[in-house]
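Student: The structure that follows is given in the form of structure tokens.
Every number in this text was worked out from the coordinates using simple rules, so none of it is lab data. Owing to the predicted nature of the structure, the values given are computational and were not obtained by experimental measurement. Neighbour counts run over all protein chains shown; Cβ positions are idealised from the backbone, glycine included.
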Amino acid sequence: MFTSTVGAPIAARTPDQPARRYTSITVTPASPHIGAEITDIDLTSDLSPQQIAEVKDAFVQYQVLFFREQKISFDDHIRFASLFGTLGRHVGAQTISKPTDHPLVRKFHYDENSQRISGESWHSDQSCAPIPPLGSMLYNHTVPPDGGGDTLFASTYAAYDALSDRMKTFLSGLTATHDGARVFGPGTPKSSHPIIIRHPESGRRGIFVNWDFTSHINELPRSESDAILKFLFRHIGRDEWACRFRWRPHSIAFWDNRCAQHKALWDYWPNVRSGFRVQIEGSAPPIAG
Ligand code: SIN
């Protein structure tokens, strides 16, 4: 059995998370800590109020939702994503994704000409923004024929829960700088956020630093900051609180940037992986936990 750094077993679910019943959709967990596949739903049509409420509940409970066999248009994508908030635009100055003829939809396309892909290290999207996005919804209509191109998701709640009480106390009250220039080049935002944050809907605590954007802990000398961040990046990316989504054509992954990190695998060159993504704006800066 895997044990945390203090030797305690990791509980599959925290006691403050009551079991929820879903009656208008089917929810199948993808792992003990993160992710669920939603079936018995058609995202090309309007959803019932009950379905909307249950998908929202499932999003808060599972942190990333997966949908299969959804041949959605831009309008479908925007209608569904808009149920969760205002749709926004990427803050990046130089991004790998491309605009489409719709200002809120970006194209994520990779093929034999690609030099790199977006999101190969663990990150939460655009944490460099003063108010980072609430979440992102990626639809891939085309995926590599022989597999590959999976996306990994990690629960920052479970990563927080597994820290020792001493480490939780040490990190509480510290802040870190998230620098967009590390990923998107000059002209992108730089912001400070608490390291331990509290999710505005679930109330759970999670760790909010990531490999891509976080440059340093503001209150520590650089050598101490580097060592602590290195530990936290590796800790968040541990297999024990991650799940792995295997894409099929016309699948959707919808992740909560406030409590999940993700990482895309580029193991399929020169094959094609292609789709569209929208992002849902956050409504407030991350809250200290
Ligand atoms: C990203 O994080 O930018 C992309 C995620 C993916 O393509 O799976």
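Student: Once Rh is set to the Kirkwood radius over Cα pairs, what Stokes-Einstein translational diffusion coefficient, in µm²/s, holds for the chain at a temperature of 25 °C and a viscosity of 0.890 mPa s?
Tutor: Value of D from the Cα-based Kirkwood radius: 126 µm²/s.
Student: Can you list the residues of region 116-143 with backbone N under 20 Å from a point 7 Å past the Cα of residue 76, pointing along Cα to Cβ?
Tutor: 136-143
Student: Work out, step by step, the length gained on full extension between residue 141 and residue 248: first 0.36 nm times the residue separation, then minus their alpha carbon distance; give nm to one decimal.
Tutor: Length difference between fully extended and current span is 37.7 nm.
Student: Return, for the Cα atoms of region 199-289, the radius of gyration and Dmax in Å, separated by a comma.
Tutor: 16.2, 47
Student: Something else: Between the DSSP loop rule and a limit of at most 10 other Cβ atoms within 10 Å, which GluC sites (Glu not before Pro) in region 220-289 are left?
Tutor: none
Student: Quote the relative contact order of the chain in percent (integer), defining contacts as alpha-carbon pairs under 8 Å separated by 6+ residues.
Tutor: Computed value for the chain: 31 percent relative contact order.
Student: Can you compute the FRET efficiency between residue 94 and residue 69 using 1/(1 + (r/R0)^6), with r the Cβ-Cβ distance and R0 = 45 Å? Round to the nearest 0.05.
Tutor: 0.85
Student: Could you give the size of the charge dipole of region 111-219 about its Cα centre, using +1 on the Cβ of each K and R and -1 on the Cβ of each D and E, expressed in debye and rounded to the nearest 20?
Tutor: Around 560 debye, computed over region 111-219.
Student: If you don't mind, another one. With +1 on the Cβ of every Lys and Arg and -1 on the Cβ of every Asp and Glu, and nothing else charged, how large is the dipole of region 80-149 about its Cα centre, in debye rounded to the nearest 20?
Tutor: About 280 debye.
Student: Normalised by the residues of region 180-289, what does the relative contact order come to in percent, with Cα pairs under 8 Å and at least six apart?
Tutor: Taking the mean separation of contacting Cα pairs over the length of region 180-289, I get 37 percent.
Student: List the residues, sorted by chain then number, that are 5 or more residues from residue 260 or on another chain and whose placed amide H is less than 5 Å from its amide H.
Tutor: 156
Student: Still on this structure, please answer the following. Which loop trypsin sites (Lys or Arg not before Pro) in region 55-153, with loop taken from DSSP, have no more than 16 other Cβ atoms within 10 angstrom of their Cβ?
Tutor: The qualifying sites are 68, 71, 89, 116.
Student: Could you give the dipole magnitude of region 33-158 about its Cα centre, charging the beta-carbon of Lys and Arg +1 and that of Asp and Glu -1, in debye to the nearest 20?
Tutor: Charge dipole of region 33-158: 500 debye, to the nearest 20.
Student: Let me ask something else. Near the amide H of residue 87, under 5 Å away, which other amide H atoms are found, from residues 5 or more places off or on another chain, if H is placed in the peptide plane?
Tutor: Residues meeting the amide H criterion: 281.
Student: So what is the calculated 222 nm ellipticity per residue for the chain, using -39500 (n - 2.57) for each DSSP H run with n of 4 or more, over all residues, to the nearest 500 deg cm²/dmol?
Tutor: Estimated from H runs of four or more residues: -5500 deg cm²/dmol.
Student: Calculate the spin-label point distance for residue 111 paired with residue 283, positioning each point 7 Å from the Cα along the beta-carbon direction, and give it in nanometres.
Tutor: Here the modelled spin labels are 4.1 nm apart.
Student: What spacing in nm lies between the two simple spin-label points modelled at residue 120 and residue 56, each 7 Å away from Cα in the Cβ direction?
Tutor: Taking the simple label geometry, residue 120 and residue 56 are separated by 3.9 nm.
Student: Distance check, please: which entries in 56/230; 71/190; 98/168; 71/263 exceed 28 angstrom between their Cα atoms?
Tutor: From 56/230; 71/190; 98/168; 71/263, over 28 Å: 56/230; 71/190; 98/168.
Student: Could you derive backbone 3J(HN,Hα) for region 98-112 from the dihedral phi with the Karplus parameters 6.51, -1.76 and 1.60 (θ = phi - 60°), listing whole Hz in sequence and x where the residue is Gly or Pro?
Tutor: 10, x, 10, 6, 10, x, 9, 10, 10, 9, 10, 10, 10, 8, 5
Student: Taking the Cα-to-Cβ direction at residue 45 and at residue 86 and moving 7 Å from each Cα, how far apart do the two end points lie in nm?
Tutor: Inter-label distance under the simple model: 3.2 nm.
Student: Could you tell me which GluC sites (Glu not before Pro) in region 49-124 are loop residues by DSSP with no more than 14 other beta carbons within 10 angstrom of their beta carbon?
Tutor: When the GluC sites (Glu not before Pro) of region 49-124 are filtered for loop state and at most 14 Cβ neighbours within 10 Å, 69, 112, 120 remain.
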